[in-house]
1. For a quick check: sort 13, 33 by the number of other beta carbons within 10 angstrom, fewest at the front.
2. Taking only DSSP H segments of four or more residues, each worth -39500 (n - 2.57), what value at 222 nm results for the chain once the sum is divided by all its residues, to the nearest 500 deg cm²/dmol?
3. Could you order peptides 45-51, 21-27, 58-64 by the average number of other Cβ atoms within 10 Å of their residues, highest first?
4. Each label point is 7 Å from the Cα along the Cα-to-Cβ direction; what then is the distance between the points at residue 6 and residue 116, in nm?
5. Specify the angular offset, from 0 to 90 degrees and rounded to the nearest 10, of the alpha carbon long axis of helix 121-156 from the longest principal axis of the alpha carbons in the chain.
6. Ranked by Cβ crowding within 10 angstrom, fewest neighbours first, how are 107, 87, 143, 4 ordered?
Amino acid sequence: MPKRLTLEQATRDAIEAEKHAAFLYEMLAQNTDDELAMELLQEMAAQEHLHAETIENLGAELGAILLPPLPQGAVADVEVASGWEFRHHLTYEEALQYALRAEHNARLYYEGMALRFDPPIRDLFENIARAEQRHATTIEQIRRQLSGATLEKSLAL
């Protein structure tokens, strides 16, 4: 029988998932020549660092004071775009696609975490899931604007 997930372990897992996501965005930013992609990826990394800090603070408010030293499970995969392979020279569109899929995956992870707890801990993970969805929505809006601009340019030719 699987061990019950505690608030402390869930908090550690979420913090580590966000830190790993920040690391991936930073790595991607370092491996692109596209200025827009680099800016987007650096901003995403900063947001993930902020998420980790926020989760730690909110977890502490709920009673998660002494956290386990290590995450449980494969939290490194939480905000990784499925089917994606690392490449150098990521374009802006590729960076947007990666970030969009990663944010959707994170939303699903936190929605699943929320289902494992009662309020107010459930509320914490539902709020994180909503934050990930807001990121995905923002990225999708940027993609639509980019597609519209590309279409307008091609129609003007």
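Where a number appears in this text, it was derived from the coordinates with a stated rule and is not lab data. If you're wondering where the values come from, they're calculated on a predicted model, not measured in any experiment. Positions of Cβ are generated from backbone atoms using ideal geometry, with glycine treated the same way; all protein chains shown enter the neighbour counts.
1. Numbers: 13 23, 33 10.
Ordered from fewest to most neighbouring Cβ atoms within 10 Å, 13, 33 come out as 33, 13.
2. Details: 4 runs with 111 residues, N = 157.
The per-residue figure over the chain is -25500 deg cm²/dmol.
3. Averaged packing, sorted descending, gives the order 21-27, 45-51, 58-64.
4. 1.3
5. 0
6. Fewest-to-most Cβ neighbours within 10 Å comes out as 4, 87, 143, 107.
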